[in-house]
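Here's the structure we're looking at; comments come further down.
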Amino acid sequence: MLVPVFVIQLLVSVPHYLSLRAGLGVLVSIGAACGATLLIVYTLLPFPDLYVAAIALLLFTGFVIDAGGRSPLFSFVFLVAMAVLPVIAVDSLGAASALAWAITGAGAGAMVIVWIVHILFPAPASTLRPEAHQPDPRPREQQWQSVATARLALLKTLIVLPMVILFLFYDSATALVVLVI
């Protein structure tokens, strides 16, 4: 189920052909997101209070990355890993590790499909031109944007975190699907 979701995310966020280096960078970032999540899981699972606090902090970080608009695919994968892997790990650390590998494998499969799509349907020349450089906003505007970004990330964290906590403490077969959506 994750391969089509990743393909859509890649095609929407990267309208042009990705080089081999960029594609490998995407795969490394997916692996890093899953690895960081597993590190938190293996380290903090025995300490429920710290476990929930770390998940909250990392969800907030993912939402800040997402609100910044720098890397939509990375923020998506990071948020999926942060929301799903800790919930799965409560029942089985092995299942969480297997899911992390499945997410990384889905990312690899998505990259191959995106490369094939871009070969079969190349981007029009108008989308390949670099955009004109926009001057940086004034410092006060940057500060306001940072506050707005943090506020939006906090709001999203406060919406998602209760669902993650609910699924952490109450076993549910629908947790994976609900948290990915």
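The values are calculated or read from the model by the stated rules, or taken from the named source; none is laboratory data. In this text, all values refer to a predicted model and were calculated from it rather than measured experimentally. All Cβ positions, even for glycine, are placed from backbone atoms using ideal geometry, and neighbour counts span all protein chains on display. SASA here: full protein model, heavy atoms, side chains in, ligands and nucleic acids out. Shrake-Rupley method; radii C 1.70, N 1.55, O 1.52, S 1.80 Å.
Please list, ordered by first then second residue, the pairs with beta carbon atoms under 8 Å, 6 or more apart or interchain, first in the stretch 5-21 and over 23 Å from residue 80 (Cα atoms), second assigned to a loop (DSSP other than H, G, I, E, B). Within 8 Å, the pairs are 16/123; 17/122; 17/123.
Going residue by residue through the stretch 91-111, is there one that turns out to be open to solvent by 50 Å² or more (accessible area, probe 1.4 Å), of a type in the set (A, V, I, L, M) and either outside any helix (DSSP H, G or I) or in contact (Cβ under 8 Å) with a residue 24 or more places away in the chain (or both)? Yes.
Of all residues in the stretch 1-49, which are under 20 Å from the mean Cα position of the chain (by Cα) and among the aromatic types (Phe, Trp, Tyr)? Correct list: 6, 42.
Restricted to the stretch 41-64, and to residues that are of a type in the set (Val, Ile, Thr) and open to solvent by less than 40 Å² (accessible area, probe 1.4 Å), which residue is nearest to residue 150 (Cα to Cα)? Quick ask: steps written out before the conclusion?
So the first thing to find is which residues in the stretch 41-64 are of a type in the set (Val, Ile, Thr), and the list is 41, 43, 52, 55, 61, 64.
With the extra rule that they be open to solvent by less than 40 Å² (accessible area, probe 1.4 Å), the set shrinks to 41, 52, 55.
Details: 41: 25, 52: 20, 55: 17 Å.
Filtering first and then ranking leaves 55.
Check whether at least one residue in the stretch 65-75 is assigned to a helix (DSSP H, G or I), out of contact with any strand residue (DSSP E or B) (no Cβ under 8 Å at 6 or more places or on another chain) and among the charged types (D, E, K, R), and report yes or no. If you could, list the steps in order and put the result at the bottom.
Let us first name the residues in the stretch 65-75 that are assigned to a helix (DSSP H, G or I), namely 65-68, 72-75.
Okay, now just the ones that are also out of contact with any strand residue (DSSP E or B) (no Cβ under 8 Å at 6 or more places or on another chain), so 65-68, 72-75.
Cutting the leftovers down to among the charged types (D, E, K, R) gives us 66.
Yes, the stretch 65-75 has at least one match.
One residue stands out in the stretch 65-90 among those that are open to solvent by 30 Å² or more (accessible area, probe 1.4 Å), closer than 21 Å to residue 28 by Cβ and of a type in the set (Gly, Ala, Ser): the one that is modelled with the highest pLDDT, namely 68. Do we find a residue being within 23 Å of residue 60 (Cβ to Cβ), surrounded by 13 or more Cβ atoms within 10 Å (Cβ to Cβ) and out of contact with any helix residue (DSSP H, G or I) (no Cβ under 7 Å at 6 or more places or on another chain) anywhere in the stretch 4-15? The answer is yes; a qualifying residue exists.
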